[in-house]
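Asks: The structure follows.
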Amino acid sequence: MLKWLMSVAAIAAMALGTHAPAVAAGTAAKPRMVWDPIPFGPAREAQMAAYVRRHYGSFMKPTWRLVDPHVIVIHYTDASYSSTFNTFANDVPDSELHELPATCAHFVIDASGVIHQLVSLQTMCRHTVGLNWTAIGIEHVGFSDAQVLGDTRQMRSSLRLVHWLQCRFNIQTRNVIGHAESLSSPYHHEDVPSLRTQTHSDFVHRDMQTYRARLRHLGGC
Ligand SMILES: [Zn+2]
């Protein structure tokens with residue numbers, strides 16, 4: 001019955017020309033989230049497009065827009081929510097690679113499980129070298145993989161958010177990766193030679209196997 005109702009809804013959506021994603025019929029429910037935007041005006045958009053020209057210019061036109069994302073990258077912050085927000089909001093060169101625009105992630109899930117959306121899903125963020133051109137970034141407030149994986153409220157929000165994004169953009173579970181897995185993604189491309197092996201240590205393969213197994217328990221779309 002539920003399936004029948006959903007297919008009627010899908011047909012109605014198509015007839016109305018409204019949201020009709022090219023994914024399997026049915027969707028995951030959108031989790032509750034708080035819109036907590038960082039400033040991302042024309043200057044930062046231009047910096048993002050220039051970043052794309054420098055790092056991905058060999059295979060795509062410079063743009064600050066995130067189009068048809070194929071990957072979701074899981075991170076932890078190593079900092080509090082407010083500190084993370086300020087780092088992302090303050091558009092100065094980042095402390096590691098000294099580039100503009102400032103780093104950011106689309107979502108930050110705090111320790112109580114509240115999902116904060118900081119950036120539109122149609123805008124690129126710098127969160128993972130080699131993958132920013134096609135990846136949605138999700139940060140978790142915490143200081144280790146184990147801490148995040150062991151936090152029931154944070155994990156429930158995380159899995160619901162990722163499942164919803166997977167259904168919305170047709171992203172496969174194998175492309176839900178930890179930052180530490182970035183170099184082995186088939187979507188990893190980096191034009192700057194010195195950055196081709198650059199990655200971070202958050203969410204290693206073993207811990208992402210746990211995360212992906214939990215995700216698969218949520219079922220299909
Ligand atoms: Zn990271």
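Asks: Packing-wise, with mean Cβ within 10 Å as the measure, how do 33-39, 50-56, 157-163 rank, highest first?
Replies: So the peptides 33-39, 50-56, 157-163, ranked by packing, come out 157-163, 50-56, 33-39.
Asks: Separate question: Once the cut-off is 27 Å, how many percent of the Cα-Cα pairs in the chain end up in the long-distance tail?
Replies: Tail of P(r) above 27 Å: 32 percent of Cα pairs.
Asks: How high is the FRET efficiency from residue 86 to residue 183, r the C-beta distance, R0 25 Å, rounded to 0.05?
Replies: Efficiency at R0 = 25 Å is approximately 0.30.
Asks: On to the next question. At 7 Å along the Cα-to-beta-carbon direction for both residue 121 and residue 209, put a label point, then send me their distance in nm to one decimal.
Replies: Taking the simple label geometry, residue 121 and residue 209 are separated by 3.0 nm.
Asks: Springs between alpha-carbon atoms under 10 Å, Gaussian network over the chain: tell me which of 130, 150, 113 tops the mean-square fluctuations.
Replies: 150
Asks: Using Cα pairs closer than 8 Å and at least 6 residues apart in sequence, work out the relative contact order for the chain, in percent.
Replies: Worked out over the chain, it gives 25 percent.
Asks: Out of all DSSP beta bridges with both ends in the chain, state the antiparallel percent to the nearest 5.
Replies: Of the beta bridges lying entirely in the chain, close to 20 percent run antiparallel.
Rule-based calculations on the coordinates, nothing more; no lab input. Model, not experiment: these values are computed from the prediction. Using ideal geometry, Cβ is built from the backbone for each residue, glycine included, and neighbour counts are taken over all protein chains shown.
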